[in-house]
1. Extending each Cα 7 Å along its Cβ direction at D14 and D67, get the distance between those two points in nm, one decimal.
2. Non-local amide H neighbours of I26 (under 5 Å, H modeled in plane, Pro and chain starts lacking H): which ones?
Amino acid sequence: MTMFTQDFSEPGSDTIADFDPAQDTIDFRIVGSGNDISNFTITASNGGTLIDAGGGATLFIEGVIPDQLGASNVTLDGQALTVGPSGTDLGSIFNDLTAGNVLELPEIVANPGVDGGGGADTNDGDPDTLT
């Protein structure tokens, strides 16, 4: 298992040539980079995945198509991603984060005391979701 770190604070094109979606992860560093999730695009390109964070910062993952990347493969600034209503692939998860959709919390943090940020926290009765 390998943890790759991708810092999007500086423009540039990076490549991961040996990513294994069955066991590897990428930590996207975006705090302080001027980028946010709404800038990210994820596209299939040349047999791999191109992640464009905006501002000239890109990451190409060779030999791995976008459908092979999901919440278990990526963290944002060290924080685990979760699955939302749009789907389990990375593009859907980023779209849900941008839209403010309800995301399922990982089991380790699923409890009514979790701070959802921004305002009053409510729990819909399902211990795995926070709105």
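None of the figures in this text is laboratory data; all of them are computed from the coordinates on show. Computed from a prediction, not measured in an experiment: that's the story for all the values here. Here the Cβ is made from the backbone with ideal geometry for all residues, glycine too, and neighbour counts use every protein chain on show.
1. Reported label-point gap for D14 and D67 is 2.8 nm.
2. The answer is F4, V74, T75.
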